[in-house]
Amino acid sequence: MALWAILAAPLLMSADLNVIEPKIRDILLNKEVIAVNQDPLGKQGWRTKVDQNIETWVKPITPVKDGEYSYAIAFVSHRVDGAPFEVTAPLAQLGLKNQAGYLVTDLFNKNTKASVYKADSLINVRIPPHGVKFYKFSAAV
């Protein structure tokens, strides 16, 4: 679902959402993830990095504040080693350079980090094997 949202692709489902497993239904009906896919900017995201079988995907989204985009970022693991893998990266390395910083929301767990992350801040993510972490970085003013 994270890659679907980043790529702004159409989603075709042939399953009856009334009878599928609740956990799967919750993923398919996640309003925040759907909003990334259908963002009014209409921009498609791109893969910015592959390192140690972890892909990083970035998509510019709204809101845009003082000319600075917000972003959706997905970390996708293709690892098979059986343990979560830790990724640490400066936001500027991901292309996030807003000097006012960003408010961060985990789009699958719907948790918003209380502090503002600046361009020189580090994001630290633990990704399970074959798992995904998906975040919205909302531009602050």
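One table, with the values for the structure above:
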read-out	value
Cα-only Debye scattering, the chain: base-10 log of I(q)/I(0) at q = 0.19 Å⁻¹	-1.17
For segment 126-141 and segment 69-102, distance of Cα centres in Å	6
Charge context of Asn18, other residues only, Cβ under 14 angstrom, K/R +1, D/E -1	-2
Within segment 2-139: Cβ-based charge dipole about Cα centre, in debye rounded to nearest 20 (Lys, Arg +1; Asp, Glu -1)	160
Mean Cβ neighbour count within 10 Å, used as a protection proxy, ranking 13-19, 74-80, 42-48 highest first	74-80, 42-48, 13-19
Length-normalised contact order for the chain - Cα pairs under 8 Å, 6+ apart - percent	24
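No value in this document is a laboratory result; all are computed from the given coordinates. Keep in mind it's a predicted model, so treat the numbers as computed, not measured. Because the Cβ atoms are built from the backbone with ideal geometry, glycine has one as well, and the counts that use them run over all protein chains shown.
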